[in-house]
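Derivation of every value follows stated rules applied to the coordinates shown; laboratory data play no part. Everything numeric in this text was worked out from a predicted model, so none of it was measured. Backbone-built Cβ (ideal geometry, glycine too); neighbour counts: all protein chains shown.
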Amino acid sequence: MADPSSYRPKPGQIPDSPGVYKFRDAHRRVIYVGKAKSLRQRLANYFQDLAGLHPRTRTMVTTAASVEWTVVSTEVEALQLEYSWIKEFDPRFNVKYRDDKSYPYLAVTLNEDFPRVQVMRGQKKKGVRYFGPYSHAWAIRDTVDLLLRVFPVRTCSAGVFKNAERTGRPCLLGYIGKCSAPCVGRVDPQEHRELAEEFCDFMAGRTGTYIRRLEKDMVLAAEDMEYEKAARLRDDIEALKRAMEKSAVVLADATDADLIAVAEDELEAAVQIFHVRGGRVRGQRGWVTDKVEAVDTAGLVEHALQQLYGEESGDAVPKEVLVPALPEDLEAVTQWLSGRRGSQVSLRIPQRGDKKALMETVGRNAQQALVLHKTKRASDLTTRSRALEEIAEALDLETAPLRIECFDISHLQGEDVVASMVVFEDGLPRKSEYRRFQIKGFEGQDDVRSMHEVITRRFRRYLAEKERTGEWTLEEADGEAPAQTPEDDGRPKKFAYPPQLVVVDGGQPQVAAAQRALDELGIDDVAVCGLAKRLEEVWLPGDDDPVVLPRSSEGLYLLQRVRDTAHDFAIRYQRTKRHKRIRTSPLDAVPGLGDARKQALIKYFGSVKRLRQATIEQICEVPGFGRKTAEAVAVALAQAAPAAPAVNTATGEIMDEDDGGTGHV
């Protein structure tokens, strides 16, 4: 624990101007990022008497070992830089909202020649129009199914589309009128794009135009006694109305707005957002967070705005944002939002009428989300704490192992030998810390030797990180923090954090190998154990008998989960490597031979086997192949051993290469 006075800047060093500041710990990792109108006034607050600081702020400043800052021109720049640094450095003491689920969006890929309507999750892509988010993917599919009657836009994948183009036959949706079938030329690209844009207009809330147009066409068709056409238009109108009914009207003036509500207690906060477009609730999402920094409701709202709009632009930022409390830097935040939208954005607290009533509804949703989250977490936290305590007691550890790393070896009959490292922190998987290894020190099957190599490589990297950050030389430098190197950027490092417990998948031999690797590196503060699959016994280094945890033990369950996660991760990597190796071709060794010409060879000869039997003159007959290239192809095929014959797993029949008509190139 550091004394803040040991790294407090000297009087006059801190400028009295807007800027963003970073606190770093002894390992030079960024642990907190903040912004200020006046850096001098804000940073002075952190270096007052510790007794006067909020407990969370006190923990942060005593964990930190240095502070640095960057001066900017305006408060808007400070807001943007703060957001960028929080995303880049992932500081442990900043409020970071985490989605309570991965929300699906209705997406229209306007960046394609033939736009496609589909369900999308994850990071948004440029050139794609998004609507939502929705609570469930099936809600999107129901809506799309209704709208395709009126806007028959393509919904098929690229593979299905290309196959239809090749065969000249559309898919089922094309036959039943729910796709305009651009794949077979029923509409040209421009007509199909107009359909997609009309679909987007309807989803964006401009619904009245299409309803009135269809009603007019229906009346005209009835007057002309085209009753089948009139009936079809009637059904289209009903489909559009049913799609509109799925999102209830909440604001009568066709408002485009986002409503953000916050529910909080001393430790956690939940945020709910309702996306209202065209007066209708088009989507809803929620976040929860630990209040790891001293922050009030206004601060939580500001963080939520950064999270919600930090990567958005244009119409994705609405004209109006309604919040329960205004950020401290209201003018800067409003200017930032307006800049991201490209036009003026109103940020305010609703005072009366429908908007205030809807905000109360959003607030109730936030409160329910917080209660549900705390109920789940209380149960999970109790279970995880008991599991870690049981592991510590069974392995005779001084403290509960808050960070556990597990290693597993995977191979197929001694080939493609790989290893995995998975990380659990506080009993939960930390997937961003997972790592994969290729065994490089030797060839063949030797799990014990492989385990020794992997543990050695992992902890050698850890020692290298300690040495690079200067952790070993702090005392020699009279207590001064080491100078920052170009690599000392504060980002989380791959192997910077040591575990309290290393778990290996295996018994005595694997455990002994792991312990020997640690001993050789001089590491004596990391515990090691192994979990054998046969009887789920826990083995410790140097012990002749295993530790047997009760079958109902939460500690054993956690160790099993860690081990199984490492096993699955290793198998997936091993399969990926095997498939990649199997899919290699002797033609890969031919200089300058690209995929197109490889495919041309196989298409011309029909299979790899027939290509192998071809003469140089026959290869020269393929368009685009001269004698020199043909000779290189013949040499490459002659030097490569023929691939093993394929087997039909259903019948057991050995298949000749010619059976498939194609081969991998």
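Aspartates and glutamates near Lys22 by alpha-carbon distance under 16 Å, same-chain residues fewer than 8 away left out - which ones? Qualifying aspartates and glutamates at Cα under 16 Å: Glu68, Glu77, Glu82, Glu88, Asp90, Glu293, Asp488, Asp489. Radius of gyration over Kirkwood radius for segment 9-117, both on Cα atoms: the Rg/Rh ratio is 1.17. Length gained on full extension, Ile571 to Ile349, computed as 0.36 nm times the residue gap minus the Cα-Cα distance: 74.6 nm.
Note on segment 316-440: Cα convex hull, mean projected area over all directions, 15.3 nm². Among the listed pairs Lys87/Lys431; Lys35/Lys466; Lys126/Lys356; Lys96/Lys577; Lys96/Lys125; Lys37/Lys374, those whose Cα-Cα separation exceeds 27 Å are Lys35/Lys466; Lys126/Lys356; Lys96/Lys577; Lys37/Lys374.
Based on the Cβ-Cβ distance from Cys620 to Lys162, what FRET efficiency comes out when R0 is 30 Å, to the nearest 0.05? Result of the calculation: an efficiency of 0.45. Paramagnetic label reach from Thr383 (point 7 Å along Cα→Cβ; backbone nitrogen cut-off under 17 Å): within segment 526-563, residues 551-563. Between Lys216 and Arg551, the distance separating the two model label sites (each 7 Å from Cα on the Cα→Cβ line) works out to 7.6 nm.
Which value in nm describes the separation of the simple spin-label points at Gln560 and Thr70, placed 7 Å from the Cα toward the beta carbon? In this crude label model, Gln560 to Thr70 measures out at 4.9 nm. Summing charges over neighbours of Cys529, with a neighbour being any other residue whose Cβ is under 12 Å away from its Cβ, gives -4 when K and R count +1 and D and E count -1.
Once the Cβ-Cβ distance of Ala316 and Lys87 is raised to the sixth power relative to R0 = 22 Å, the FRET efficiency obtained is 0.80.
Taking the centroid of alpha carbons for each part, segment 318-348 and segment 295-315 are 9 Å apart. Available extension along the chain between Arg121 and Thr209 is 28.7 nm, counting 0.36 nm per residue and deducting the alpha carbon span.
If the segment from Ser5 to Lys37 were pulled out straight at 0.36 nm per residue, it would be longer than the present Cα-Cα gap by 9.2 nm. Inter-label distance, Val635 to Lys440: 3.0 nm, where each label sits 7 Å from its Cα along the C-beta direction.
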